[in-house]
Amino acid sequence: LRSVYDGEEHGRFMEKLEARIRNHDREIEKMCNFHYQGFVDSITELLKVRGEAQKLKNQVTDTNRKLQNEGKELIIAMEELKQCRLQQRNISATVDKLTLCLPVLEMYSKLREQMKSKRHYPALKTLEHLEHTYLPQVSHYRFCKVMVDNIPKLREEIKEVSMSDLKDFLESIRKHSDKIGETAMKQAQQQRNLDNIVSQHPRISGGKKSKKEFCASSDLEVKNTSPMSEQDSGILDVEDEDEDEEVTSAQGWWCLGWGARETFESYYRKQRRKQARLVLQPPSNMHETLDGYRKYFNQIVGFFVVEDHILHTTQGLVNRAYLDELWEMALSKTIAALRTHSSYCSDPSLVLDLKNLIVLFADTLQGYGFPVNQLFDMLLEIQDQYSETLLKKWSGVFRNILDSDNYSPIPVSNEDVYKKIVGQFPFQDAELEKQPFPKKFPFSEFVPKVYNQIKEFIYACLKFSEDLHLSSTEVDDMIRKSTNLLLTRTLSNCLQNVIKRKNVGLTELVQIIINTTHLEKSCKFLEEFITNITNVLPETVHTTKLYGTTTFKDARHAAEEEIYTNLNQKIDQFLQLADYDWMALEPGSRASDYLVDLIGFLRSTFAVFTHLP
């Protein structure tokens, strides 16, 4: 191309190019002629296809229109379904949220209702559940935040009302302590009566336990059983039902947090200690009547029944260590008061009734798990005092018997009287039985009377030993020691006083010797009598022997000495009457009058002596 433009052959080039073009046109025309029919057929086919395509387009348009018409209802239905599903999801979510919220609202409503009805202990429980269980699950709701903010106010309100209720409760139990104690002791008495009936059954009866065995078994029973069990609930049910509500409302403080627990605990214990001191302060005239002691015991029992009830129905207001400490203090004060007041008592019947009351008091409190060994130890001290009051009483009894006695052998006019006296006093004499009526016993009336009074004294001693949980050996030893004191001290002094009286005659002294001889012989029957009621054989180791024979021997020796003394004095009196005529010229034919009288006196006196052993 550059050579064409550079040279002069431009025209030539154009000619050649046109020739070339024409050549190509001819080839193109030739080729088109060769393919024309195929092209025409393709165009024809294409036109057919266009028509079919138009038809198809019309069908598709028509189908689409129909589909659109038909789909409108489906779309509406689907839209409705979509809305329903959305609503369902919302309802489900709402139900779930309400499931969480409704208990909160119900608990809050319940809380308000409980506070309105002044049921503060259940209200505190509800408040605790609401605060720690329910509110944390829905804390993001506004109404819950209001509740959370209100809880401290509610707690403070309940705290104030609970403190007021606690004060009312303390005042109430102070007033009702004696009634509760009285009921508790009555139930203990009923239980003891029932136990006695059961223990007397042939298949169950046996020897009494010693005190140590009893205490050990009782302690075991206390450990194995709940001391409150049915018994305490029954006692408290006797009182006002309102009081039971006071108990539960007053214990509600324990659910309070933030230091309120210590406040209530400290206040309760401080007030109860004050009440305990008041309860344990006996009235000054308590020793005058049994009712004074009974009221004193009722208050103490009532106090500790309530404390035991609080221990088993609350958590922490009262614990075992506090209660044990309180009981130790109460026990020492009670024992000190009983020692003081019982020492004023001179009536053995009152001392015996007091002992029974103390046993009932101890058994009642032991049923609640309180150790009472010291009370039973103190009863052994009172037993010594009881023996002293019995000795004083029997001293008067013996004096009356000895003063009223005629110191003459007992005359017997018939068989009935004879059997009656033999039934009262163990006396056997084959010769006397053979004698016809009327006849006489060698001893005077004071012998069977004294013998029977000694037996009555033994019975009185036995009464005191009942329910003290002593073994048979301990009871036997106690009775024998007391009886020895009766014989060697009380009866001996009475006999000595009678023997030493100024106006006692030789006949009375002789009768006293005879009487003491028979009483001395009866000592073995007293031994048998004690053995029969205690079931302890005299041969048992450590068994105390009766010293009655010594008492009666001493009395007999004293009577003999008194006879010698009186006889010598009488002889001296006769000799002092001696009056001689110193101026007589010759002796008289008969003895002096005073000698005649002296011989007559001695003859009659020696006739009396023939009754002596």
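The values are calculated or read from the model by the stated rules, or taken from the named source; none is laboratory data. Since the model is a prediction, treat every value here as computed from it, not as a measurement. With ideal geometry, Cβ positions are generated from the backbone for all residues, glycine too; neighbour counts draw on all protein chains shown. Surface accessibility is based on the protein's heavy atoms, side chains included, excluding ligands, DNA and RNA. Shrake-Rupley method; radii C 1.70, N 1.55, O 1.52, S 1.80 Å.
Remarks
- Residue that is farthest from Ile458 (Cα to Cα), among those in segment 479-518 that are of a type in the set (Gly, Ala, Ser) and crowded, with 16+ Cβ neighbours inside 10 Å: Ser492
- Evaluated against (1) at pLDDT below 85; (2) more than 60 Å from the chain's Cα centre (by Cα); (3) not charged (D, E, K, R), Leu546 falls short on exactly one condition, (2).
- Per-region count, segment 14-41, residues open to solvent by less than 70 Å² (accessible area, probe 1.4 Å) and not aliphatic (A, V, I, L, M): 2
- Answer residue from segment 454-477, given it is in contact with a Phe, Trp or Tyr (Cβ under 7 Å, 6 or more places away or on another chain) and part of a loop (DSSP other than H, G, I, E, B) and is least open to solvent (accessible area, probe 1.4 Å) among those: Leu468
- Selection within segment 344-393 - among the hydroxyl-bearing types (Ser, Thr, Tyr) and closer than 26 Å to His312 by Cα: Thr364, Tyr368
- Among the residues of segment 129-176, the ones that are open to solvent by 80 Å² or more (accessible area, probe 1.4 Å) and closer than 14 Å to Met115 by Cα come to 4 in all.
- Pairs linking a residue in segment 476-503 that is in the same structural domain as Thr551 (by the TED database) to a residue that is open to solvent by 50 Å² or more (accessible area, probe 1.4 Å), with Cβ atoms under 7 Å and 6 or more positions apart or on different chains, are Asn484/Tyr547; Leu487/Tyr547; Thr488/Tyr547; Thr488/Thr550; Ser492/Asp554; Cys494/Arg399.
- Restricting attention to segment 352-380, the residues that are within 19 Å of His287 (Cα to Cα), open to solvent by 60 Å² or more (accessible area, probe 1.4 Å) and outside the structural domain of Ser342 (by the TED database) total 1.
- In the set (1) open to solvent by 60 Å² or more (accessible area, probe 1.4 Å); (2) in a helix (DSSP H, G or I), Gln281 fails one condition alone, (2).
- Among the residues of segment 104-124, just one is modelled with pLDDT under 85, farther than 17 Å from Pro152 by Cα and surrounded by 15 or more Cβ atoms within 10 Å (Cβ to Cβ), namely Arg119.
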